[in-house]
Amino acid sequence: MTDFVGRQLVCVRGGRVVFADLGFRVEAGGALVLAGPNGSGKSSLLRLMAGLAHPAGGVLAWGGEDVAGDPATHRARVHYVGHLDAVKPDLTVAENLVFWAALRGGSDGAGARTRTALEAFGIPHLADVPGRYLSAGQRRRLNLARILAAPAPLWLLDEPKTALDTDAAGRVDAAVASHRAEGGMVVMSMHGGSLPEGAVVLDLAAFNAGLEAVGC
């Protein structure tokens, strides 16, 4: 069974050890929720998992293979949605999704994936609206819709319900549940709220205590 594992991970930012000796394991169909106070390293860990930063120590492995050995392949299996959005202001909502769908999944089927994503996140009525005119909540829905428009087995979601109303938050829950039911993996940071069914919680505060500043 494919799994995504971190062993003895160390993260250093700005000369400070954010966390050390951190480990996790996510299996197909699994969900890992990152908890902890601000500054405990939730966003940093997601960026390490996505290959956008490199650990100062430890190993990330996919199916037993170190992802550092083939970073391009690992990035292709990951969808990372952080706090900053990737909405192109001059493109319409639909054009943004088609762009992402074609970029990650190829042009074949991009239109169908785009329609599915628009419906799933409740924004088909915004299909022809340029990105610059979207509200914060609408931009967030659009950013999340790309995880459906361009499929990937591992979703890394940094506080995905930020700026969302109750309806949109429920749609995130539904998308996560569906992805897991198909064997996908989800890692997400959260501040309160209900956990995905069967999720494992990783409290990063347990890996912060007593750490000293270091040079880097």
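The values are calculated or read from the model by the stated rules, or taken from the named source; none is laboratory data. This structure is a prediction, so every number in the text was calculated from the model and none was measured. Virtual Cβ from ideal backbone geometry, glycine too; neighbours counted across all protein chains shown.
Quick check on the stretch 91-102: of everything there that is touching a helix residue (DSSP H, G or I) at 6+ places or on another chain (Cβ under 7 Å) and over 15 Å from Arg141 (Cβ atoms), which residue is modelled with the highest pLDDT?
Leu91
When you check Ala177 against the structure, is it in contact (Cβ under 8 Å) with a residue 12 or more places away in the chain and either within 15 Å of Ala86 (Cα to Cα) or assigned to a loop (DSSP other than H, G, I, E, B) (or both), yes or no?
no
Based on what the data block shows, is Arg146 touching a residue at least 60 places away in the same chain (Cβ under 8 Å), in contact with a Leu (Cβ under 8 Å, 6 or more places away or on another chain), part of a helix (DSSP H, G or I) and not aliphatic (A, V, I, L, M)?
Yes.
Mind counting the residues in the stretch 59-73 that are modelled with pLDDT of 95 or more and either in contact with a Gly (Cβ under 8 Å, 6 or more places away or on another chain) or of a type in the set (A, V, I, L, M, F, W, C) (or both)?
Residues that pass the stated criteria total 5.
Testing Met188 on (1) farther than 20 Å from Phe121 by Cβ; (2) in a strand (DSSP E or B); (3) not charged (D, E, K, R), one condition comes back false. Which one is that?
(1)
What about Arg113, is it modelled with pLDDT of 95 or more and either among the basic types (Lys, Arg) or in contact with a Pro (Cβ under 7 Å, 6 or more places away or on another chain) (or both)?
Criteria not met by Arg113.
With the structure loaded, tell me whether Asp128 is in contact (Cβ under 8 Å) with a residue 40 or more places away in the chain and not in a helix (DSSP H, G or I) or whether it fails that test.
No: the conditions fail for Asp128.
Could you tell me which residue of the stretch 169-185 is nearest to Ala120 (Cα to Cα), considering only residues that are buried (at least 20 other Cβ atoms within 10 Å of the Cβ) and among the small types (Gly, Ala, Ser)?
Ala175
From the residues in the stretch 171-216 that are modelled with pLDDT of 95 or more and polar (S, T, N, Q), which one is nearest to Ala117 (Cα to Cα)?
Filtering the stretch 171-216 for residues that are modelled with pLDDT of 95 or more and polar (S, T, N, Q), the one nearest to Ala117 (Cα to Cα) comes out as Ser178.
Among the numbered conditions (1) touching a residue at least 40 places away in the same chain (Cβ under 8 Å); (2) of a type outside the set (Ser, Thr, Tyr); (3) loosely packed, with under 15 Cβ neighbours inside 10 Å, tell me where Gly30 comes up short.
It fails just one condition, (3).
Has the stretch 66-77 got at least one residue that is buried (at least 18 other Cβ atoms within 10 Å of the Cβ) and assigned to a loop (DSSP other than H, G, I, E, B)?
No: zero hits.
Is the stretch 24-38 home to any residue that is in contact with a His (Cβ under 9 Å, 6 or more places away or on another chain), farther than 16 Å from Leu157 by Cβ and part of a helix (DSSP H, G or I)?
no
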